[in-house]
Amino acid sequence: MELVNTHCHCVYSGHGVGSVAEYADAAAAAGLTTLAFTEHFPLSAAFDPDRYLSMTEENLPRYLAEIEQARAAHPSVEFIVGTEMDYLGDLEDRALDEAALAPFAFKLGSVHFIDGWAFDDPAQRGRWEEPGAPDAIWRRYGELWCEAAANRTNPYDAMSHPDLAKKFGFYPTFDLGPFYEAMAEAARAGERMVEVNTSGAYYACAEMFPAPALLAAFRRAGVPCTVGCDSHDPANVARDIRRAYDLMYEAGYRSVTVPTATGDRRSITIE
């Protein structure tokens, strides 16, 4: 069965390592047929003062050129020019116009900020430990995620790591079942894909994103699903892809939806 990874970050994000060429070599060696480069869309200084969280605008031409070079070096792999875009809600301070989005054939939507707070940043996790914080944070995260997913004017093709709020292993006291159903309905309404993101297994939550129950809710809602490793190192370019397929199958999916370099979608059967 084909191996696809629709989510990776290289050196052009301040917290990633490895060049585009190193990723391309690793993808070809691992037998991937599709790799989407999804460097973080530039953030303003208000959100990324240390230039650690996202790609800088001056690096974009090099990013694009190096992906073209990777295509020439490894014609057996379909490399996709993508980006991961943070949903900032009412605090959005970037010009997300047609010109800014034009280079990208695949756009991942994600929620890493709750009203300006980077809730999944290990350096800022202390707020999670405050009394009652998990309930409040999960509720607000859900509100923002559903806003991002459901609004069709947002430019996202897929929503990444849907239940990222579990990263540090903090969970709410309330039943997550209705919460999951709301997320699934939002993704369906916005005509989004979602991803099984294999990186979650290596955080405190020790579970891929999304949880099996949430993935099953997406399947019941008819939401297409793809697979991304969220690689931040070429060594992890194919990490746990087959396990992700198994998780999808257990949730009721029988195919993986795969973006293409031309902005279309294709399907591969889970075997």
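Find the centroid of the Cα atoms in segment 166-186 and in segment 19-51, then give the distance between the two in whole Å.
Centre-to-centre distance over Cα atoms comes out at 28 Å.
Please work out how much length the chain gains when fully extended from Ala46 to Thr262, using 0.36 nm per residue of separation minus the C-alpha to C-alpha distance, in nm with one decimal.
Difference between extended and current length: 74.5 nm.
Taking the Cα centre of the chain as the origin, how large is its charge dipole in debye, to the nearest 20, when only Lys and Arg (+1) and Asp and Glu (-1) carry charge on their Cβ atoms?
Roughly 680 debye, rounded to the nearest 20.
Sorted by average packing, counted as other Cβ atoms within 10 angstrom per residue and highest first, what order do 163-171, 94-102 take?
The peptides rank, most packed first, as 163-171, 94-102.
On a full-extension model of 0.36 nm per residue, what is the gain between Asp233 and Asp246, subtracting their alpha-carbon distance, rounded to one decimal in nm?
2.3 nm
Along Cα→Cβ, 7 Å out, is where each label goes; now give me the distance between the ones at Leu101 and Ala206 in nm to one decimal.
Between Leu101 and Ala206, the simple spin-label model gives 4.0 nm.
What is the fewest-to-most order of His112, His7, His15, His74 by other Cβ atoms lying within 10 Å of their Cβ?
With the fewest neighbours first, His112, His7, His15, His74 line up as His15, His74, His112, His7.
Go ahead and run the numbers for FRET between Asp121 and Leu64, Cβ-Cβ distance against an R0 of 45 Å, rounding to 0.05.
It comes out at approximately 0.95.
Multiplying the sequence separation of Ala213 and Val17 by 0.36 nm and subtracting their Cα-Cα distance, what value in nm do you get?
Taking 0.36 nm per residue and subtracting the Cα distance, the gain is 67.3 nm.
If amide hydrogens are placed 1.01 Å from N in the peptide plane, which non-local residues have theirs closer than 5 Å to the one on Ser255?
It is Ile270, by chain and number.
Within the set of other residues whose C-beta is less than 15 Å from the C-beta of Gly222, count the net charge using Lys and Arg as +1 and Asp and Glu as -1.
Within the 15 Å Cβ shell, the charges total +3.
Report the local net charge at Arg254: Lys and Arg +1, Asp and Glu -1, summed over other residues whose C-beta lies under 12 Å from its C-beta.
With Lys, Arg at +1 and Asp, Glu at -1, the net is -1.
Quick note: the coordinates plus some simple rules give every number you see, no bench work behind them. All figures in this text were calculated on a predicted structure; none of them were measured in a lab. So basically every Cβ, Gly included, is an ideal-geometry build from the backbone, and we count neighbours across all protein chains shown.
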